[in-house]
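The values are calculated or read from the model by the stated rules, or taken from the named source; none is laboratory data. Just so it is clear, the structure is predicted and the values come from calculations on it, not from any experiment. Positions of Cβ are backbone-derived with ideal geometry, glycine not excepted, and every protein chain shown enters the neighbour counts. Ligands, DNA and RNA are stripped out before the accessible areas are found, and what is left, the full protein with its side chains, is counted by its heavy atoms. Shrake-Rupley method; radii C 1.70, N 1.55, O 1.52, S 1.80 Å.
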Amino acid sequence: FDLAAKRQGSDGDDLVSRLVNQMPEDGVPMSDRDFRNYFLLLVVAGNETTRHAISHSMKALIDNPDQLALLQAEPERIPGAVEEMLRWATPVYHFRRTATKDVEMHGKTIKEGDKVVMWFASGNRDPEKFANPYDLDLTRFPNDHMTFGRGPHACMGANLARMEIRIMFETLLPRLKSIELNGPIDRVRSNFVNGVKRFPVKVTLK
């Protein structure tokens with residue numbers, strides 16, 4: 001937040017400068033509270049989730065060398081493969097919502113006001129939706145995963161996350177001769193974020 005104060009009144013085109021100096025489309029200036037909340041949203045939602053997705057995707061490629069070899073031989077498949085990486089990784093396990101009306105679903109009654117937990121991790125392994133859901137298949141299509149949510153609650157950073165993951169693997173894989181685990185993986189202790197704290201690898205470049 002000290003950075004925001006320093007950028008106040010500047011003409012920089014970085015994210016913080018834009019947030020503190022540019023008038024929102026609705027014409028209502030962003031308050032200090034709005035800035036803090038929005039900045040935290042970007043830092044947490046736009047950082048943690050994508051890097052965890054990349055970590056889990058890399059682990060999946062290490063565990064499935066045939067899939068890694070496929071992307072190295074046919075890098076044009078990477079944009080489509082990103083969708084399977086997102087399904088596989090599921091960096092956020094669940095979200096909770098409040099029902100706004102009574103509804104019947106799968107033989108169960110949900111009452112208005114009930115708290116409902118959507119388990120993205122379960123939806124992304126649904127055998128009625130995905131053939132062999134526990135297999136990593138980078139050619140899977142269509143891939144109607146739940147990683148970014150749906151409808152009005154869909155992740156507003158979805159396309160940015162896709163681009164970051166795509167660029168990561170488009171840049172790394174052509175240079176990679178081999179990659180293997182070089183120690184135990186330490187995971188984030190959470191039932192909300194499917195996170196990785198430490199992921200030691202041994203990399204050999206071409």
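Within region 103-120, being open to solvent by 30 Å² or more (accessible area, probe 1.4 Å) and in contact (Cβ under 8 Å) with a residue 24 or more places away in the chain holds for M118, W119. Taken together, T100, T147 contain a single residue that is hydroxyl-bearing (S, T, Y) and exposed (fewer than 15 other Cβ atoms within 10 Å of the Cβ), which is T100. Of everything in region 36-63 that is at pLDDT 95 or above and open to solvent by 40 Å² or more (accessible area, probe 1.4 Å), the residue that is farthest from A161 (Cα to Cα) is D63.
Taking the stated definitions as given, is M168 more than 13 Å from the chain's Cα centre (by Cα), surrounded by 10 or more Cβ atoms within 10 Å (Cβ to Cβ) and closer than 24 Å to L42 by Cβ? Judged against the criteria, M168 is a match. Screening P142 against (1) closer than 20 Å to V193 by Cβ; (2) under 19 Å from the mean Cα position of the chain (by Cα); (3) surrounded by fewer than 19 Cβ atoms within 10 Å (Cβ to Cβ) leaves a single unmet condition, (1).
Counting the residues of region 1-51 that are of a type in the set (D, E, K, R) and assigned to a helix (DSSP H, G or I) gives 10.
This table checks each residue for (1) assigned to a loop (DSSP other than H, G, I, E, B); (2) touching a residue at least 24 places away in the same chain (Cβ under 8 Å); (3) among the polar types (S, T, N, Q).
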| site | (1), (2), (3) |
| --- | --- |
| R125 | yes, no, no |
| A131 | yes, no, no |
| R140 | yes, yes, no |
| M156 | yes, no, no |
| I167 | no, no, no |
| P174 | no, yes, no |
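A single member of K202, K197 is outside any helix (DSSP H, G or I), of a type outside the set (F, W, Y), open to solvent by 70 Å² or more (accessible area, probe 1.4 Å) and closer than 20 Å to T50 by Cβ, and it is K197.
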